[in-house]
Structures are given as structure tokens and as C-alpha cells.
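Peer 1: Here it is: the structure, laid out below.
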Amino acid sequence: MGGAVVRIAARRDFFEHLVVADYDPARAEAAVAAVAGVGAANRFSAAAVDASDEAAVVELLRSTRCDVLLNATDPRFVMPLFRAAFAAGANYLDMAMSLSMPHGADPYASCGVKLGDEQFELAAEWARAGRLALVGMGVEPGLSDVFARYAADELFDEIDEIGVRDGANLTVDGYEFAPSFSIWTTIEECLNPPVVYERDRGWYTTAPFSEPEVFDFPEGIGPVECVNVEHEEVLLVPRWVEAKRVTFKYGLGDDFIGKLKTLHALGLDRTEPLTVRSADGASVRVSPRDVVAAALPNPAELGEKMHGKTCAGTWVTGTKDGRRREVYLYHVVDNQWSMREYGSQAVVWQTAINPVVALELLATEVWRGEGVLGPEAFTAKPFLDLLVQYGSPWAIRES
């Protein structure tokens, strides 16, 4: 994800310098090398840092006079990076929020710790400090939330339901199972109890893969069965947009769902380390989910073998001028295009472009804010207009 961010940002001139930091310095150096000769010289540098080491991150942020920390790691590192940014006096932006924890007694009806709760608990401190943490600013969450705000401001007088719907027809040559995004994050999203919001009930949970529906995705993707999945939009949208109901459904397919259920049944979705014997006979502690991730191909390296399109969008129903209305605001990326233009596979590129657009709006002060805010806290039209200027159009389908 960080590498895709660098390739997109290299073509823009709104920033002075971007430090690419990674636990593995070779990865950071490769991301910088990939944009050599693009745009002005000496705007990128590489650094090594452990994202779980708050003190080390604070030192890096201070030594580089960092204005904004863009977190492109998986959700395990949200809180240490979130706290480090605050301690260093920087602003903060991420694409996934702090992790949830299911309700201990009633996980499939009641919420426990919700996505983002840990971050929102510190919102007053960020606001008092006059700094911004823009959370959930990828594609989903992120662009999907911008679509929700745009629908509320421009298309509807009253909204009944905002439903994020994600689907694709991507295939990967040579693999029976090759997720196009982080399997660690995918397991977290898909096997946790999904959250639904209703105005009269508040937030509540259901069983994983509940309420299946067939959604017809545009631009040749076609009908895909979608199911409830835990996702940040359901926790973000109701804070700023009035709607009677908010949902998130993901087009997974029976085969993918079956594999996730098998991982769960075998305990391979667990994050708690187990003691196992290594090849040399030593005992090591390892997380089953990390083993699964290590056994699967790196999603960032699948682009050359991937074919098809991915669609992220927000389906909205309600009324306008006394008449019923139903729209789907969406963004489609073709993998062949993103590989040809940027060298990044479609799902990664579609996620990475949105924080870069947001950073430009913040740098130019088109977007301003203090505290812990989601994308829908800001006016949507400037974001959508700039997204088009980046060469990545969006569209609306009216039903």
C-alpha cells in the first residue's frame, strides 16, 4: 500500500518531502527507487522503523519535522502510530481504524469494542491540541464515506439507507486461492461479527456472512452475492450523515466464504501465538494468522497475473423533492490499466489514491479540521473533483 501511495504522490507537487518508512529498509528503499526521475528531485527518502515501537516512531517524526503521518500498515499498528503522531506533534491519517473486540456474552447481537472506539476516545485531546486525525481515509472506508456525504448534501432530502457495496470479477492466474488484499485484514473483517446501524436501535451485530443479497455491479462486473461484513463505514457514517440505516456488504463468493470458515474451524484465524517446533528443533511462538499470511502470495506482487475490475461504491435510497430515489455512487478500477499506468494492482491502487487526494486537500487547506474525524466530516465535492483530476473518474447509477 505504501508503495502505491508513493507512485501516486510522485506525480503531484503539493508536498515538500515524503519519508517512506518500513520495518524492512529494503522495502522502503524499493518504493523510493520506483519513482526515481518522476517529478522534482530529492522529494523522497527511505527510513527503517518498527511501527510497533512508539518511541522510535516519535523520534523519526520529530527528526524529519513531519507534518502528517500517513499510516499504510495493517490495523494492528493503528494505535501505536496514532499515539506516536500525537506525541510528536504531527497530524495523522489512516486507511483502517483501531481494532474491535466482540462482545463477551452476546457477540452476534451486541457490540463490544467497536472499530475506531480507541481513537474516538482520544478525540478531545486531538481537538484541544488543534491537530487532526483523519481516520478511515482509504477507499472502503474512505471514498465510500465521501460518497455518503455527497449523497446527503447533493442528492437526497432524506436518506433511508446507506449501504456500501463492494464487488469485483478479479481472477489470478496460477493460484487456487490468492486474496487481492491483506489476508490478515480480510480475516479480521470477515470473521468478526458484522455491525449494522439503525437510527432507532443504534449499532448492533449479526452473524458473519449474514443477510446475503445479489447486487448488480456496473461496468461489466455483473451480479455478485454480497454479505454483511464488519467495516468502518457503519461506525463512521452515522456520526456525520443522517440515515435510518447503514450497512456494509462485501461480494465474497461461496468459495472464499468456505475457505474463511475452514480457517476459523481450524483455529487458523487466531492471532494469539502458539508454541510450535521449528525445522531446527527449537520452540518458537507464532500466530496462526501470520502463518496463513506467510503461506499465501503477497497481494502487492499479483498484479501481472491478475485480470478484471474491482468496484467500490455506496448505494443510497431515500427521497428527493418528495419522490423516491435510489442511486449507486461508484468507482471502478481495471487491473490492466492500473498496472500499465502505475505498476500497482487494482485493489491496492484503488485504496492508495484516496489518502493522497485527502493529503492534497489538507495541504491546500481546502479541507480543515481538528480532532478525530472521518471522511464524511468534510465537504465531498472538492474531493470528488480532485479525484477526477488525478485521472480516476467516479460515476453515479440511478435506479
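Peer 1: Being over 20 Å from residue 140 (Cα atoms), part of a strand (DSSP E or B) and at pLDDT below 95: is that true of residue 291 here? Full working, then the answer.
Peer 2: Working: over 20 Å from residue 140 (Cα atoms): yes; part of a strand (DSSP E or B): no; at pLDDT below 95: yes.
Criteria not met by residue 291.
Peer 1: Mind counting the residues in segment 328-381 that are assigned to a loop (DSSP other than H, G, I, E, B), under 16 Å from residue 8 (Cα atoms) and under 19 Å from the mean Cα position of the chain (by Cα)? Working first, answer last.
Peer 2: So the first thing to find is which residues in segment 328-381 are assigned to a loop (DSSP other than H, G, I, E, B), and the list is 343-345, 364-370, 374, 378-380.
Of the ones still in play, those that are also under 16 Å from residue 8 (Cα atoms) are 343-345.
If we keep only those that are under 19 Å from the mean Cα position of the chain (by Cα) too, we end up with 344-345.
Within segment 328-381, residues that are assigned to a loop (DSSP other than H, G, I, E, B), under 16 Å from residue 8 (Cα atoms) and under 19 Å from the mean Cα position of the chain (by Cα) number 2.
Peer 1: Residues to consider are 188, 225, 176; find the one that is assigned to a strand (DSSP E or B), surrounded by fewer than 23 Cβ atoms within 10 Å (Cβ to Cβ), modelled with pLDDT under 95 and of a type outside the set (Ser, Thr, Tyr). Lay out the reasoning, then the answer.
Peer 2: Numbers: 188 fails: assigned to a strand (DSSP E or B); 176 fails: assigned to a strand (DSSP E or B).
Criteria check complete, one pass: 225.
Rundown of residues vs (1) free of Cβ contacts under 8 Å to residues at least 60 places away in the same chain; (2) β-branched (Val, Ile, Thr); (3) assigned to a loop (DSSP other than H, G, I, E, B), yes/no style:
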{"position": "77", "(1), (2), (3)": "yes, no, no"}
{"position": "80", "(1), (2), (3)": "yes, no, no"}
{"position": "83", "(1), (2), (3)": "yes, no, no"}
{"position": "86", "(1), (2), (3)": "yes, no, no"}
{"position": "93", "(1), (2), (3)": "no, no, no"}
{"position": "98", "(1), (2), (3)": "yes, no, yes"}
{"position": "105", "(1), (2), (3)": "yes, no, yes"}
{"position": "110", "(1), (2), (3)": "no, no, yes"}
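Peer 1: Further, regarding this structure: With the structure loaded, tell me whether residue 78 is closer than 20 Å to residue 290 by Cβ, crowded, with 21+ Cβ neighbours inside 10 Å and of a type in the set (A, V, I, L, M, F, W, C) or whether it fails that test.
Peer 2: Values: closer than 20 Å to residue 290 by Cβ: yes; crowded, with 21+ Cβ neighbours inside 10 Å: yes; of a type in the set (A, V, I, L, M, F, W, C): yes.
The answer is yes for residue 78.
Peer 1: Identify all residues within segment 210-220 that are in contact with a Lys or Arg (Cβ under 8 Å, 6 or more places away or on another chain) and either aliphatic (A, V, I, L, M) or assigned to a loop (DSSP other than H, G, I, E, B) (or both); write none if there are none.
Peer 2: Going residue by residue through segment 210-220, those that are in contact with a Lys or Arg (Cβ under 8 Å, 6 or more places away or on another chain) are 211, 213, 215, 217-220.
Across segment 210-220, the qualifying residues are 211, 218, 219, 220.
Peer 1: Give the residues of segment 79-105 that are within 14 Å of residue 137 (Cα to Cα) and in contact with an Asp or Glu (Cβ under 6 Å, 6 or more places away or on another chain), sorted by residue number.
Peer 2: Those that are within 14 Å of residue 137 (Cα to Cα) and in contact with an Asp or Glu (Cβ under 6 Å, 6 or more places away or on another chain): 97, 98.
Okay, residues lined up against (1) charged (D, E, K, R); (2) within 20 Å of residue 184 (Cβ to Cβ):
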{"residue": "222", "(1), (2)": "no, no"}
{"residue": "232", "(1), (2)": "yes, yes"}
{"residue": "258", "(1), (2)": "no, yes"}
{"residue": "263", "(1), (2)": "no, yes"}
{"residue": "275", "(1), (2)": "no, no"}
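Peer 1: Could you tell me whether segment 264-276 includes any residue that is under 24 Å from residue 227 (Cβ atoms), of a type in the set (Gly, Ala, Ser) and surrounded by 16 or more Cβ atoms within 10 Å (Cβ to Cβ)? Break it down stepwise before answering.
Peer 2: Going through segment 264-276, the residues under 24 Å from residue 227 (Cβ atoms) turn out to be 264-271.
Keeping just the survivors that are of a type in the set (Gly, Ala, Ser) gives 265, 267.
When the remaining residues are screened for being surrounded by 16 or more Cβ atoms within 10 Å (Cβ to Cβ), the result is none.
Scanning segment 264-276 turns up no residue that is under 24 Å from residue 227 (Cβ atoms), of a type in the set (Gly, Ala, Ser) and surrounded by 16 or more Cβ atoms within 10 Å (Cβ to Cβ).
Peer 1: Return yes when residue 84 is at pLDDT 95 or above, under 23 Å from the mean Cα position of the chain (by Cα) and among the small types (Gly, Ala, Ser) and no when it is not. Before you say what the answer is, go through the steps one by one.
Peer 2: On the way: at pLDDT 95 or above: yes; under 23 Å from the mean Cα position of the chain (by Cα): yes; among the small types (Gly, Ala, Ser): yes.
Considered against the rule, which asks whether it is at pLDDT 95 or above, under 23 Å from the mean Cα position of the chain (by Cα) and among the small types (Gly, Ala, Ser), residue 84 comes out as yes.
Peer 1: From (1) crowded, with 19+ Cβ neighbours inside 10 Å; (2) in contact with a helix residue (DSSP H, G or I) (Cβ under 6 Å, 6 or more places away or on another chain), pick out the condition that doesn't hold for residue 370.
Peer 2: (1)
Peer 1: When the residues of segment 315-340 are narrowed to those that are of a type in the set (D, E, K, R) and in contact (Cβ under 8 Å) with a residue 12 or more places away in the chain, which ends up surrounded by the fewest Cβ atoms within 10 Å (Cβ to Cβ)? Reasoning before the result, please.
Peer 2: So the first thing to find is which residues in segment 315-340 are of a type in the set (D, E, K, R), and the list is 320-321, 323-326, 334, 340.
Add one more test, that the residue is in contact (Cβ under 8 Å) with a residue 12 or more places away in the chain, and what stays is 320-321, 325-326, 334.
Numbers: 320: 15, 321: 7, 325: 19, 326: 13, 334: 15.
The residue in question is 321.
Peer 1: Another question about this same structure. Among the numbered criteria (1) touching a strand residue (DSSP E or B) at 6+ places or on another chain (Cβ under 8 Å); (2) aliphatic (A, V, I, L, M); (3) over 24 Å from residue 357 (Cβ atoms), which one does residue 129 miss?
Peer 2: Evaluating residue 129 over (1) touching a strand residue (DSSP E or B) at 6+ places or on another chain (Cβ under 8 Å); (2) aliphatic (A, V, I, L, M); (3) over 24 Å from residue 357 (Cβ atoms) leaves (1) as the failure.
Peer 1: Anything in segment 361-372 that is within 19 Å of residue 85 (Cα to Cα) and touching a Phe, Trp or Tyr at 6+ places or on another chain (Cβ under 8 Å)? List them, or say none. If you could, list the steps in order and put the result at the bottom.
Peer 2: We begin by selecting, within segment 361-372, every residue within 19 Å of residue 85 (Cα to Cα); these are 362-363, 368-372.
Matches in segment 361-372: 363, 369, 370, 371, 372.
Peer 1: While we're here: Among 174, 163, 167, 142, which is at positive phi and over 13 Å from the mean Cα position of the chain (by Cα)?
Peer 2: Checking each option against the conditions leaves just 174.
Peer 1: Also: Can you pull out every residue in segment 382-399 that is among the β-branched types (Val, Ile, Thr) and assigned to a helix (DSSP H, G or I)?
Peer 2: Once the filter is applied, which keeps residues that are among the β-branched types (Val, Ile, Thr) and assigned to a helix (DSSP H, G or I), segment 382-399 yields only 388.
Peer 1: Here's something else I'd like to know. Considering segment 294-327 alone, what residues qualify as being touching a strand residue (DSSP E or B) at 6+ places or on another chain (Cβ under 6 Å) and either in a helix (DSSP H, G or I) or of a type in the set (A, V, I, L, M) (or both)?
Peer 2: 302, 305, 306, 312, 316, 327
Peer 1: Another question, then. Within segment 274-305, how many residues turn out to be over 29 Å from the mean Cα position of the chain (by Cα) and acidic (Asp, Glu)?
Peer 2: Result for segment 274-305: 1.
Peer 1: A further question on this structure: Taking only segment 23-44 into account, find how many residues are surrounded by 14 or more Cβ atoms within 10 Å (Cβ to Cβ) and either acidic (Asp, Glu) or not in a helix (DSSP H, G or I) (or both).
Peer 2: 7
Residue by residue, here is whether (1) touching a helix residue (DSSP H, G or I) at 6+ places or on another chain (Cβ under 7 Å); (2) free of Cβ contacts under 8 Å to residues at least 60 places away in the same chain; (3) more than 21 Å from residue 97 (Cα to Cα) holds:
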site: 142; (1), (2), (3): yes, no, no
site: 151; (1), (2), (3): no, no, yes
site: 154; (1), (2), (3): no, no, yes
site: 159; (1), (2), (3): yes, no, yes
site: 165; (1), (2), (3): no, no, no
site: 169; (1), (2), (3): no, no, yes
site: 178; (1), (2), (3): no, no, yes
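The values are calculated or read from the model by the stated rules, or taken from the named source; none is laboratory data. These numbers were taken from a predicted model, which means no experiment stands behind them. Don't worry about glycine lacking a Cβ; one is built from the backbone with ideal geometry, like all the others, and counts go over all protein chains shown.
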